[in-house]
């Protein structure tokens, strides 16, 4: 059962915070950036891409510092929000349900949760209580294109009942 958190003017909050969503990152393989299923949006894993280029590359704890990786996780989250916005509209978000973060980790690096906080803290800043989410932070050997971080998210959305009813009437 969903909490009684309503969709809000997240676009206004982004403006207030001085955040501009980037263009949706082009997929690097055979998938789509986001899928709407019922009252949820599932994003594909998003890399820290800006204008088609990685903002930083390498393994965290070796070529990439924890702070650089945390910033990269924030960039990933912005790309995930851009994909969500294109699929369903950011103002339809009721809450962020789950975040999954993958961190390309050097041997011995165990601070993946602190890296993924870059995404989680941003979502909290934008969505407040509606941005609190379940989460996984996983260390991996390699990520696509040599990225240090990859983030995916699941969001609950409000579905326009009139639109849904008109498609059901078929």
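The values are calculated or read from the model by the stated rules, or taken from the named source; none is laboratory data. None of the values given here were measured: they were computed from a predicted structure. Every residue, glycine as well, gets a Cβ built from its backbone with ideal geometry; the counts of neighbours run over all protein chains shown.
Quick notes
- All of (1) outside any loop (DSSP other than H, G, I, E, B); (2) more than 21 Å from residue 20 (Cβ to Cβ); (3) in contact with a strand residue (DSSP E or B) (Cβ under 6 Å, 6 or more places away or on another chain) hold for residue 129 with one exception: (3).
- Any hit, the stretch 154-163, residues being part of a strand (DSSP E or B), at pLDDT 95 or above, more than 22 Å from residue 11 (Cα to Cα) and touching a helix residue (DSSP H, G or I) at 6+ places or on another chain (Cβ under 7 Å): no
- Test result for residue 41, in contact with a helix residue (DSSP H, G or I) (Cβ under 9 Å, 6 or more places away or on another chain) and either surrounded by fewer than 17 Cβ atoms within 10 Å (Cβ to Cβ) or farther than 22 Å from residue 130 by Cβ (or both): no
- Any chance residue 85 is within 25 Å of residue 15 (Cα to Cα) and over 17 Å from the mean Cα position of the chain (by Cα): no
- Sole residue being part of a helix (DSSP H, G or I), out of contact with any strand residue (DSSP E or B) (no Cβ under 6 Å at 6 or more places or on another chain), modelled with pLDDT of 95 or more and over 16 Å from residue 151 (Cβ atoms), chosen from 91, 107: 91
- Look at the stretch 141-157: where a residue is surrounded by fewer than 19 Cβ atoms within 10 Å (Cβ to Cβ) and a partner is in a loop (DSSP other than H, G, I, E, B) and modelled with pLDDT of 95 or more, sitting 6+ places away or on another chain with Cβ atoms under 6 Å, you get 146/57.
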